[in-house]
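Trainee: The following block contains the structure, expressed as structure tokens.
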Amino acid sequence: MTSIPPTPGSAEPQGQDRSVGELLSVITSDLQALFRQEIELAKAEVREEATKTGKAAGMYGGAGFAGYLVLLFLSLAAVLGLANVMDGGWAALIVAAVWAVVAAVLYQKGRARMRTVSPKPERTVETMKENAEWARHPTK
């Protein structure tokens with residue numbers, strides 16, 4: 001019985017000459033590497049989504065703070081300006097209504113951005129499904 005000699009530069013024997021133990025060892029190490037890569041992909045996806053979440057939360061905070069300052073100073077100026085042509089109470093009510101609209105618009109923009117955040121690592125789930133399918137049917 002002759003065996004196929006290994007190719008030059010190859011330290012591993014050919015597939016025909018490997019024992020079952022060697023094959024299982026190779027499969028185990030490949031699976032370990034695959035799972036490590038999947039974990040790294042999941043970490044990267046979670047970091048990416050956390051960054052999006054942080055930016056959206058920053059927009060909420062920025063909108064709130066900017067709204068407060070704007071409401072404080074411009075409202076005072078607008079109330080005083082309108083008080084020259086109407087009663088001071090009505091002037092204050094008109095100014096408050098305008099800033100309520102501005103705050104609503106900023107809130108909607110922050111809410112829309114927050115909806116784009118996905119806490120589930122989508123690509124990792126998809127590749128894990130592919131890996132499971134391959135493990136069931138490795139010849140496909």
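The values are calculated or read from the model by the stated rules, or taken from the named source; none is laboratory data. Everything numeric in this text was worked out from a predicted model, so none of it was measured. So basically every Cβ, Gly included, is an ideal-geometry build from the backbone, and we count neighbours across all protein chains shown. All accessible areas refer to the heavy atoms of the entire protein, side chains included, with ligands and DNA or RNA removed. Shrake-Rupley method; radii C 1.70, N 1.55, O 1.52, S 1.80 Å.
Trainee: Viscosity 1.002 mPa s, temperature 20 °C: what is the translational diffusion coefficient of segment 15-74 from Stokes-Einstein with a Kirkwood Rh over Cα pairs, rounded to a whole number of µm²/s?
Mentor: It comes out at roughly 135 µm²/s.
Trainee: Roughly how much of R111 is accessible, in Å² to the nearest 10, using a 1.4 Å probe?
Mentor: Counting only protein heavy atoms, the figure is 80 Å².
Trainee: Mind grabbing the accessible area of I27 for me, 1.4 Å probe, Å², rounded to tens?
Mentor: Its accessible surface works out to 90 Å², give or take rounding.
Trainee: For the chain, what is the number of Lys pairs with C-alpha distance below 30 angstrom, counting only pairs 8 or more positions apart or on separate chains?
Mentor: 15
Trainee: Let me ask something else. Tell me the Kirkwood radius of segment 72-122: reciprocal of the mean inverse pair distance over distinct alpha-carbon atoms, in Å.
Mentor: Value: 13.1 Å, from the Cα pair sum.
Trainee: Once you have a ≥ b ≥ c as the square roots of the Cα gyration tensor eigenvalues for the chain, tell me rounded if a/c is under 1.5, and otherwise prolate or oblate according to whether a/b is larger than b/c.
Mentor: Cα axes put the chain in the prolate bin.
Trainee: Further question: Rank G58, S25, V125 by how far each Cα sits towards the positive end of the charge dipole of the chain (+1 on Lys, Arg Cβ; -1 on Asp, Glu Cβ) and give me just the farthest.
Mentor: So the residue furthest toward the plus end is G58.
Trainee: If I take R0 = 35 Å and measure r between the Cβ atoms of A132 and V102 in this structure, what FRET efficiency does the formula 1/(1 + (r/R0)^6) give, to the nearest 0.05?
Mentor: With a Förster radius of 35 Å, E is 0.10.
Trainee: Would you be so kind as to identify which of A135, G88, F73 lies farthest towards the positive end of the dipole of the chain, taking Lys and Arg as +1 and Asp and Glu as -1 on Cβ and the Cα centre as origin?
Mentor: Positive-most Cα among the choices belongs to G88.
Trainee: Could you give the size of the charge dipole of the chain about its Cα centre, using +1 on the Cβ of each K and R and -1 on the Cβ of each D and E, expressed in debye and rounded to the nearest 20?
Mentor: 560
Trainee: If R0 is 35 Å, what FRET efficiency do you get for K52 and L80 from their C-beta distance, rounded to 0.05?
Mentor: 0.25
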